[in-house]
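Below is one structure; the comments refer to it alone.
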Amino acid sequence: MLVTEQDRLRDDILAWGDAGGGSREALIPLLQRVQQKYGEISDFAMQVIADVLSIHPVEVQSVISFYHFLDLSARGKFIIRLCRTISCDIAGKDRLARQLENDLGISFGETTNDGMFTLEWANCIGMCDQGPAMLINEKVFTRVTPELVHNVLQACRASFGNIGLEGKEEL
Amino acid sequence: MTDKPILDDTSRAPVSQRGYVIEKSGMDDAIGGKVTINIDGKDIKIPLGTTILEAARSLGIRIPTLCYHEDLCVAGVCRICVVEVEGQRTLQAACGYPVTAPITVKTHTRRVRQARRHILDLMLSKHYGECYACFRNNNCELQTLAKEYGVDFFRFGHPEKPLYAVDRSSPSVIRDMNKCILCRRCVRTCIDLQEVGVLEGHGRGADVEIQTFMNKPLGEVICINCGQCINRCPTGALRANDPTDEVWAAIDNPDKHVVIQTAPSPRAAIGENFGLEPGTALTFELNTALRRCGFDRVFDTNFSADLTIIEEGTELLLRLYKALVEKDASIALPQFTSCSPGWVKFLEHFYPEYVPNLSSAKSPQQMFGALIKTYYAELNKIDPKDIVTVALMPCSAKKFECNRPEMCDSGYKDVDYGLTTRELAQMISETGIFLPDMPRSDFDDPFGTATGSGVIFGATGGVMEAALRSVYELVSGERIENIFEHADIIPVRGFQGVKYVELTLDKIGPVPDLLKPLVPNWDWLKGATVKLGVAHGTANAKRVMDDIKAGGKFSECHFIEFMACPGGCLGGGGQPIPTSPSIREARAKAIYAEDSVYEIRKSHENPAVLKVYNEFLREGPCGHKSHKLLHTSYIERGKYIS
Amino acid sequence: MSPSHTGELTFSTVKPRVGLQAALDKGRAGIVAEVSGSGLKGRGGAGFPTGVKWNLAAATVADEKFVVCNADEGEPGTFKDRVILNRFADLVFEGMIIAGYAIGAQKGILYLRGEYSYLRKDLEKTLERMRTEGMLGERVLGRDDVSFDIEIFIGSGAYVCGEETALIESLEGQRGEPRNRPPFPVNTGYKGRPTVVNNVETLAWIPSIMARGADWFSSLGTDKSKGLKLFSVSGDVERPGVYEFPWGLTIADLMREVGGENAKAVQVGGASGYIVPARDFERHIAFEDVPTGGAVIVFGPHRDMLQVVSNFMEFFVGESCGQCTPCREGNVKLLEGLRLLEEGRCSTRQMRELCALGETMQQASKCGLGQSSPNAFLSIVKHYGDEIMGRTDVIV
Ligand SMILES: Cc1cc2nc3c(=O)[nH]c(=O)nc-3n(C[C@H](O)[C@H](O)[C@H](O)COP(=O)(O)O)c2cc1C
Ligand code: SF4
Ligand code: FES
């Protein structure tokens, strides 16, 4: 990492930490912001965060390692989280998984070489009535069929970080 | 009195782990003060908020525990202590269940026994290792419970291969995570008790493991080597880096002259390794045993403790003189003690800007090493390269200290090996010697005689007391007994986490010969009030340091004693396992008892020390030669690693 | 009994503000009395009487108190809270304000699971609107003595953070590891202060109870389970979705409504609930018979129950916080047992041993996760022993 980028990261963390009151309660929101902006929470970031909140770097790492949505290593621009829990399983998540792997050329837990997509399993994402369902970053996709996979991925590629699909589902 | 850190809002311990405070109504018998509960048919009246475990213990009922430790916040994670509470659907962890109502408890029903057996079986399904190839054999809480609950096969399997490589990177602490049962005592020790923050749980679910930052080897992270985690690990997952093989090799080598110095704390505790009750000092029995083991000379670390007092005390007087009389603004005050290597490293990492405040005087262990390879070698016409110096210490950080590159002022490694109490006990048992049965014998010359002041170095407040005895007498020309009966400086004793003391110097006397080259007179100290602080356990040290940073009352102190370990050296990371407040108290009693029988109890009256100044360190304390051999410097390490 | 996956929900027939105004008029003690009288029990799963909870928190003296809305909805098969937040968030927030006023708290936190973070924007908008309308902020509805505001905290992907003490740990910036209880959050909660944690649905019912009174609510449902309840129905059914029924209906009734008549079994209460085989479909859904937080997962005639339970166990292995021994290691052992069953290589003795282990987990685990994760395993051994043992066809 360039020195300048470290400085930028440090400044961000200092500002966000102060905004959060500088106490431990600010930790998780702070981690979420760092991850959102930088795509990962680096060793250096953890140490700065620890410093700002007067805790130890190992505690920051410990918290990150606990939560599925916080990552120690860099992930793709789009994190695809396919629900694997029972209702989506019944609704056919296995075929969807197979197609995602085929179209992305990676297995679950991996990131594409171009750094665009990470493919992960998720536990129940609360869309059991509309499975199979998956999250891409913060957007939810329901009743996805293997045939639709290509379109969804294309939409992601085209949007470059800002998929034009509203998250709110229809009821 | 307690040596736990105070769990107030500034404490690092998570709220969930702090004690459950129940408002009590002053009078015990008033409604809301006490409650009667029934455990296994026995009634007991206890204050509200007492845990089932505490209540059971006071009834003499044993409830097994693993994650519970008297020094630490309750975790309630191992679940081995579960009991049946009438009316509750599930079993309750006795260690974490504060009683708030009259309840009926059963501690060994079928449900309870089945659960405990299962929990043990589950732990053993992940615990790799053979008991007979483990340093905790016969002193392992898991092994004890397996026996108690009749584990005769591995119900849920047993690992056939190790899952983790043993981490031997640290000079002080070895981690073997294959034996870890995830009780998290080390985590609570490191984060809550010591506030160093090396170890934490990592990951989730079945993947949880205890890790260092970025899973780096222990030798590369910010560890202060205090070894408190070792003392609190219920199994053999943590142990000290053991040099006994090298020590035996030196003893077995006829060309080597092997000398050992023994510190007071191990002597007050080593009996525990031989089944004695805590608090039995075996100082002179140990001398005999060590000779029979094959050590060529046995010296008393107290000698160099006295020397440390002279050097460190002189340094303090010089700092005060320069700051107060010469108005030298560059002088760092308060002066901090530097004899606890764990504390020194703590400061180097977390308060590097205060490195100048550390006394440059080496610790007694290192002073001794330097003198043995110079003064003693000359005196006895032994080539220092053939001398092997071993130090028996209560401490795992001493292993790190003797390996610091700065510690070679004699031209050789001043101290070759640091042995912990446990390791020496192991060596002795290998020789078939039963230590308590040894005849008593004295230390060897030329360092033979020591003073009581050296002995009390082992307890928190001891360095301060020893320094006060000498500094007061050197400055006032009066006997300390005039102001403290029997020279017992009670205000600096005891296990309170942080102590603060003031002493006004009403009288001044002539400058003693020893110090004449350094100061013209004491006039500038007349009527001065010396402010002193004592802290033990790095969590308490941190409180004091933060107070200093914030300009609080400790920033006005002149001299502060810091010890990394709770209780001081007697609670060191190399001491016998287990440890608890009552065990440390017993050891402290033994130490103060030893002090009180010494004829000479003040460092500056130690004839052997005075002899060294006459014969060898001729320029006196803080002179050129003593600077070269007995003083050192420290490093601003900081807390970022890459 | 009207299916509501398309229509109105009963609590939403009360217009915004009405419930809040009614509550403020009743005063603190009045609110607690009304909630207690209604017999409302927590809708998060545990079914603790809400009135008792509020009363305890109100009675504790402290400089600061908190109301937390538990929107971590992570139980497999549960999604009613998502629907509520999507459509009736203002009622939930009103419920929080009322709770805050009743116990003397001025701050509310909505703990929204990370998976639902797409709801955040709209929720923030609703909060902003309520602030401008004077329902949130310094003087709620013009009352000098009432001030309350709500913040949204986004979770980071951890089912166990739905457990109220783990949720509080998470709010405090810790790993989401459940605490020892006692002390309970009503005494020692967020930042060590008294804290009421309530489920989204629990809070959503509050305004209508305030507006229509305790008697209306308690006249619905059964003896020990009062009022109406939302159900999240999914799995092998024709019409999955959220339904509203009074407590006490039979599983058979429910199956008729949702189009699951030929079901082989249903899982009531999500992954941590119990499997009810078809022969028990006349049982009633209520705290006194088959309790649930609202999840109903239906299994059609051809479902392999072994695979169903394996799916649940994988869930628990991944979601156990890992602090206590029975749950951390036990779930893995149960899953290993299921794998053996799948291969047709589990001896009866091993299976019994695992059932005993399951009992230990139910008894000795620290929190509700480990206490209920063996339920499904024990259920299939009890009801489908024949189906799961001695398999010859190896299933991948
Ligand atoms: C593992 C576990 C997960 C839980 N998840 C949730 C949840 O997602 N939402 C919820 O409201 N309650 C959940 N609960 C129950 C909460 O601990 C708590 O009882 C509830 O939030 C209290 O609110 P109520 O009384 O309104 O139901 C969970 C409990 C456990 C043991
Ligand atoms: S039962 Fe499971 S989730 Fe609950 S505390 Fe124990 S390990 Fe954590
Ligand atoms: S000793 Fe009580 S849970 Fe571990």
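The values are calculated or read from the model by the stated rules, or taken from the named source; none is laboratory data. Everything numeric in this text was worked out from a predicted model, so none of it was measured. Using ideal geometry, Cβ is built from the backbone for each residue, glycine included, and neighbour counts are taken over all protein chains shown. Areas reflect the complete protein model, heavy atoms only, side chains present, ligands, DNA and RNA absent. Shrake-Rupley method; radii C 1.70, N 1.55, O 1.52, S 1.80 Å.
Laid out as a table, the results:
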quantity	calculated
Reach of residue B:516 by Cα under 16 Å, taken over lysines that are not fewer than 8 positions away in the same chain	B:322
Solvent-accessible area per residue, Å², over the stretch B:126-240 with all protein chains present [probe radius 1.4 Å]	38
Computed magnitude of the charge dipole of the protein assembly as shown (debye, nearest 20; Cβ of K, R +1, Cβ of D, E -1)	1460
Ratio Rg/Rh [Cα only; Rh per Kirkwood] for the stretch A:27-113	1.09
Isotropically averaged projected area of the stretch C:202-299, using the convex hull of Cα atoms (one quarter of hull area), nm²	6.0
Overall form of the stretch C:259-396 per C-alpha gyration tensor (a/c, 1.5; a/b vs b/c)	oblate
Mean separation of Cα contacts under 8 Å (6+ apart) over length of the stretch C:109-160, as relative contact order %	50
Given B:256/B:373; C:80/C:107; C:226/C:264, the pairs whose alpha carbons are separated by over 19 Å	C:80/C:107; C:226/C:264
Reachable lysines from residue C:26, criterion Cα separation under 20 angstrom, eight or more residues apart if same chain	C:15, C:53
Other-chain or far-sequence residues with amide H under 5 Å of residue B:358's (modelled H)	B:336
10 Å Cβ neighbours from other chains, averaged over peptide B:78-85	3
On Cα atoms only, tilt of A:3-19 relative to the major axis of chain A in degrees	90
Gyration tensor (Cα) of the stretch C:11-213, equivalent ellipsoid semi-axes in angstrom	23, 19, 16
Solitary cysteines of chain A, where the nearest other Cys Cβ is not under 4.7 Å	A:124, A:128, A:156
Helix-only [θ]222 nm of chain B, DSSP H runs n ≥ 4, -39500 (n - 2.57) each, per residue, nearest 500	-8500 deg cm²/dmol
Theoretical FRET efficiency, 1/(1+(r/R0)^6), r = Cβ-Cβ of residue A:11 and residue B:160, R0 60 Å, to 0.05	0.70
Rule-of-thumb Rg ratio for chain C [Cα; 2.2 N^0.38 Å; N residues]	1.00
Mean projected area in nm² (Cα convex hull; one quarter of hull surface) for the protein assembly as shown	50.1
Lysine pairs meeting the criterion (Cα under 21 Å, 8 or more apart or interchain), as found in the stretch B:126-240	6
Value of D in µm² per second that Stokes-Einstein yields for chain B, Kirkwood Rh from Cα pairs, at 10 °C (1.306 mPa s)	61
Rounded FRET efficiency, nearest 0.05, which uses the C-beta distance separating residue B:135 from residue B:403 and R0 of 25 Å	0.75
Spherically averaged projected area of the stretch B:33-119 from its Cα convex hull (nm²)	5.4
Normalised alpha carbon radius of gyration of the stretch C:300-375 [divisor 2.2 N^0.38 Å]	1.07
Cα-projected label distance for residue A:113 with residue C:143, points at 7 Å along beta-carbon direction, nm	6.5
Förster-model FRET efficiency, 25 Å R0, residue B:244 and residue B:380, C-beta, rounded to 0.05	0.45
Chains A and C together, accessible area buried on both sides, 1.4 angstrom probe, square angstrom	3500
Counting DSSP beta bridges with both ends in chain C, the antiparallel % (nearest 5)	45
Separation in nanometres of the label points that stand 7 Å from Cα toward Cβ, at residue B:429 and residue B:253	2.8
Rounded to whole Hz, the Karplus (6.51, -1.76, 1.60) HN-Hα couplings of the stretch B:463-480, x for glycine and proline	5, 4, 5, 4, 5, 5, 3, 6, 4, 4, 5, 5, 7, 8, x, 9, 8, 4
In sequence order, calculated HN-Hα J values of the stretch B:81-90 (Karplus, 6.51, -1.76, 1.60; Hz; x Gly/Pro)	8, 4, 9, 9, 10, 4, x, 9, 5, 10
Packing-based ranking, highest mean first, of C:325-338, A:94-107, B:203-216 given that Cβ atoms within 10 Å are counted	C:325-338, B:203-216, A:94-107
Calculated SAXS-style log₁₀ I(q)/I(0) at q = 0.18, 0.20 Å⁻¹ - the stretch B:375-491, Debye, Cα scatterers	-1.19, -1.22
Cα Rg, Dmax, the stretch B:464-607, angstrom units	16.9, 51
Magnitude of the charge dipole, the stretch B:33-119, Cβ model with Lys/Arg +1 and Asp/Glu -1, debye to 20	380
Residues whose placed amide H lies under 5 Å from that of residue B:631, excluding near-sequence neighbours	B:362
Cα-based helix-to-principal-axis angle, B:581-597 vs chain B, degrees rounded to 10	30
Principal axis dimensions, largest first and in whole angstrom, of the stretch B:391-445 by Cα	40, 27, 16
Between helix B:110-124 and chain B: long-axis angle, C-alpha atoms, 0 to 90°, nearest 10	50
DSSP beta bridges in chain B [antiparallel fraction, %, rounded to 5]	50
Three principal axis lengths of the stretch B:116-157 [C-alpha, angstrom, descending]	25, 19, 14
Phi to ³J(HN,Hα) by Karplus 6.51 cos²θ - 1.76 cosθ + 1.60 over the stretch B:409-422, Hz, x for Gly, Pro	5, 6, x, 10, 5, 4, 10, 7, 9, x, 10, 8, 3, 4
When the stretch A:78-167 is reduced to its Cα atoms, the Kirkwood hydrodynamic radius in Å	12.8
Over the stretch A:5-66 - Rg/Rh using Cα atoms and the Kirkwood inverse-distance radius	0.90
Amide H contacts under 5 Å for residue C:186, placed H, 5+ residues apart	C:195
Over the stretch A:78-167, relative contact order from alpha-carbon pairs under 8 Å, at least 6 apart, %	34
Contact order relative to length of chain B, as percent, for alpha carbon pairs under 8 angstrom and 6 or more apart	16
10 Å Cβ neighbours from other chains, averaged over peptide C:355-368	6
Distance cut-off 12 Å, percentage of C-alpha pairs in the stretch B:135-176 lying past it	74
Cβ-placed point charges (K, R +1; D, E -1), dipole of the stretch B:375-422 about Cα centre in debye, nearest 20	260
Chain-alone versus full-assembly comparison, the stretch A:126-144, residues with accessible loss of at least 40 Å² (1.4 Å probe)	A:126, A:128, A:129, A:138
